[in-house]
Amino acid sequence: MAILNNESGKYAANFVQVSPGPGMDPEFKAIYDKFAKRIIWMDGEVCPGAFQMNTAWYSAVPERDPIFTEHVHDDCDELIGFFSSDPDNPYDLGGEIEYTVGGEAHLLTKSTMIFVPANLPHNPMRILRVDRPIFHFSVVTKTKYEAESVYK
């Protein structure tokens with residue numbers, strides 16, 4: 001069997017190595033770029049049929065607090081993760097993040113995955129301290145990320 005270069009073959013489009021995702025509001029992007037670096041964004045537009053996943057490194061405390069506001073996904077579940085970048089101590093987050101689900105604020109100091117069922121309000125998120133980069137991901141179980149503000 002031949003080993004392909006991810007640019008050829010029947011399934012080449014399934015190997016996504018560069019995808020910054022959809023554009024951001026320019027004002028928010030200017031803030032985001034100071035504390036985070038998006039790695040790869042996957043969704044049904046990048047790879048037909050794929051569910052949505054976003055990956056990023058958080059490296060500083062944002063100047064805006066909270067950085068993400070409360071919202072809800074009314075038709076899909078979400079999985080959210082925050083992980084240590086220390087391979088010798090993978091459970092020590094290397095910072096502090098306050099994350100709210102259903103009105104309950106939780107202080108994260110360890111690598112964490114959060115399951116958010118459809119229709120459950122979540123956020124705000126506050127990045128309180130970053131001692132070393134924190135790997136972040138979010139996955140929604142549909143082909144496009146859509147959220148409605150709880151404040152209509």
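The values are calculated or read from the model by the stated rules, or taken from the named source; none is laboratory data. Just so it is clear, the model here is predicted, and its values are computed rather than measured. Because the Cβ atoms are built from the backbone with ideal geometry, glycine has one as well, and the counts that use them run over all protein chains shown. Surface accessibility is based on the protein's heavy atoms, side chains included, excluding ligands, DNA and RNA. Shrake-Rupley method; radii C 1.70, N 1.55, O 1.52, S 1.80 Å.
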Inset, instruction - Note down all Cβ pairs under 7 Å where the first residue falls in region 14-30 and is among the small types (Gly, Ala, Ser), the second is loosely packed, with under 12 Cβ neighbours inside 10 Å and at pLDDT 85 or above, and they're at least six residues apart or on different chains. - result: none
Legend entry - Qualifying residue in region 88-95 (condition: among the aliphatic types (A, V, I, L, M) and either open to solvent by 60 Å² or more (accessible area, probe 1.4 Å) or within 30 Å of residue 12 (Cβ to Cβ) (or both)): no
Inset, instruction - State which residue is nearest to the chain's Cα centre (by Cα) when the search covers only region 30-53 and only residues that are surrounded by 12 or more Cβ atoms within 10 Å (Cβ to Cβ), under 19 Å from residue 67 (Cα atoms) and of a type in the set (D, E, K, R). - result: 38
Legend entry - The one condition in (1) part of a loop (DSSP other than H, G, I, E, B); (2) surrounded by 15 or more Cβ atoms within 10 Å (Cβ to Cβ); (3) without any contact (Cβ under 8 Å) to a residue 60 or more places away in the chain that residue 142 fails to fulfil: (3)
Inset, instruction - Please work out if residue 125 is within 19 Å of residue 57 (Cβ to Cβ), within 16 Å of the chain's Cα centre (by Cα), modelled with pLDDT of 95 or more and exposed (fewer than 12 other Cβ atoms within 10 Å of the Cβ). - result: no
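Hey, can you tell me all the residues within region 60-112 that are in a loop (DSSP other than H, G, I, E, B), out of contact with any strand residue (DSSP E or B) (no Cβ under 9 Å at 6 or more places or on another chain) and free of Cβ contacts under 8 Å to residues at least 60 places away in the same chain?
Passing the criteria: 63, 64, 87, 88, 89, 103.
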Legend entry - Every residue from region 33-54 that is touching a residue at least 24 places away in the same chain (Cβ under 8 Å), outside any loop (DSSP other than H, G, I, E, B) and aromatic (Phe, Trp, Tyr): 35
Legend entry - Check on residue 120, modelled with pLDDT of 95 or more, in a strand (DSSP E or B) and open to solvent by 20 Å² or more (accessible area, probe 1.4 Å): no
Legend entry - Hits in region 1-28 - residues which are outside any loop (DSSP other than H, G, I, E, B), within 25 Å of residue 133 (Cβ to Cβ), open to solvent by less than 90 Å² (accessible area, probe 1.4 Å) and not aromatic (Phe, Trp, Tyr): 19
